[in-house]
Amino acid sequence: MKKRILSMITSLVIFCSLFAISTTSVQASENDIPKVDGSYLTMDDYSEGHSSNSLQRGKHMMTGECSISKAGRDEIYCYASTTASHEVDKLAVLIYVDQYQEDVGKWGQIDAWVEETTNDYFVITNKMLEVDRGYYYRVRAEHFVVDGDDPVEETFSVTNGIYLPK
């Protein structure tokens, strides 16, 4: 009986040790992913971003979101939308597409456009872009809602960087 209890305790200690070691190595690898200006440089095929804090929504603003995905050998698909909690006078989304410049360690803007609508609760924009391979790309978006004489409500969203291999 004594051997059985000792064997169970030893097994439990070994199991706990293995669990602690595997958890530590997973955390270390996640922290090794470079982060530049709010975006991780990932090898993912897709990334999405949402407005920062849904609890800080305004009187009219509900959410803002954006996404980027690989769409072919040398193309990316960029998307952004702004949603109000009800029909408002004006909605807009301003979308930026950035390319990571490794030599200077910064994101550089390669494209931008705006989409707006009136008397609605939702605005969306998307575009396919042909880009150079061998770089990280991300999407940033600014979201605006205007209703009546109330101040303009604004939020932003940003994706992580996705890599297009050479």
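Checking the cross-link pairs K59/K127; K127/K166; K90/K127 against a 25 Å limit on the alpha carbon distance flags K59/K127 as lying beyond it. Computed from phi, the 3J(HN,Hα) profile of segment 124-140 under the Karplus parametrisation 6.51, -1.76, 1.60 (θ = phi - 60°) reads 9, 8, 7, 6, 9, 10, 8, 9, 6, 7, x, 9, 8, 10, 9, 10, 10 Hz, with x in place of Gly and Pro.
Give the carbon-plus-sulfur fraction of the accessible surface of segment 57-141 in %, rounded to a whole number; probe 1.4 Å, heavy atoms of protein chains only. Provide the component values of the computation, followed by the final result.
On the way: 1790 of 4250 Å².
Of all accessible area on segment 57-141, carbon and sulfur atoms account for 42 percent.
What the Cβ-Cβ distance of K35 and D89 gives, at R0 = 35 Å and to the nearest 0.05, is a FRET efficiency of 0.40.
When peptides 147-159, 105-117 are ranked by their average number of other Cβ atoms within 10 Å per residue, the highest-first order is 147-159, 105-117.
Could you rank the peptides 120-133, 86-99, 62-75 by their average count of other C-beta atoms within 10 Å per residue, with the highest value first? Working shown, then result.
Numbers: 120-133: 14.4, 86-99: 19.6, 62-75: 17.9.
Sorting 120-133, 86-99, 62-75 by mean packing, highest first, produces 86-99, 62-75, 120-133.
Couplings 3J(HN,Hα) for segment 76-88, derived from phi with the Karplus relation 6.51 cos²θ - 1.76 cosθ + 1.60 (θ = phi - 60°), are 10, 10, 10, 9, 7, 8, 10, 10, 9, 7, 6, 5, 10 Hz, where x marks Gly and Pro.
For segment 90-102, the Karplus equation 6.51 cos²θ - 1.76 cosθ + 1.60, evaluated at θ = phi - 60°, returns couplings of 8, 10, 8, 9, 10, 10, 10, 10, 10, 10, 7, 9, 4 Hz by residue, with Gly and Pro reported as x. Note on M43 and Q101: their simple-model spin labels are 2.7 nm apart, each label 7 Å out from Cα toward Cβ.
Among residues other than T117 whose Cβ falls under 12 Å from its Cβ, what is the net charge (Lys/Arg +1, Asp/Glu -1)? It would help to have the intermediate numbers written out before the result.
On the way: positive: K90; negative: E87, D89, E115, E116, D120.
Once all neighbours under 12 Å are counted, the net charge is -4.
Let me know the shape class of segment 79-141, please: from the alpha-carbon gyration tensor, a ≥ b ≥ c as square roots of the eigenvalues, rounded when a/c is under 1.5, otherwise prolate if a/b is greater than b/c, or oblate. Kindly include the intermediate steps, with their values, before the conclusion.
Working: a/c = 3.78, a/b = 2.85, b/c = 1.33.
Cα axes put segment 79-141 in the prolate bin.
Annotation: amide H-H contacts under 5 Å for F122 (H modelled 1.01 Å from N, sequence separation of 5 or more, or interchain): A84.
The values are calculated or read from the model by the stated rules, or taken from the named source; none is laboratory data. Quick caveat, the model's predicted, so the values are computed rather than measured. Reconstructed Cβ throughout: ideal geometry from the backbone, glycine too, with neighbour counts over all protein chains shown. In case anyone asks, the SASA skips ligands and DNA or RNA and just uses the protein heavy atoms, side chains included. Shrake-Rupley method; radii C 1.70, N 1.55, O 1.52, S 1.80 Å.
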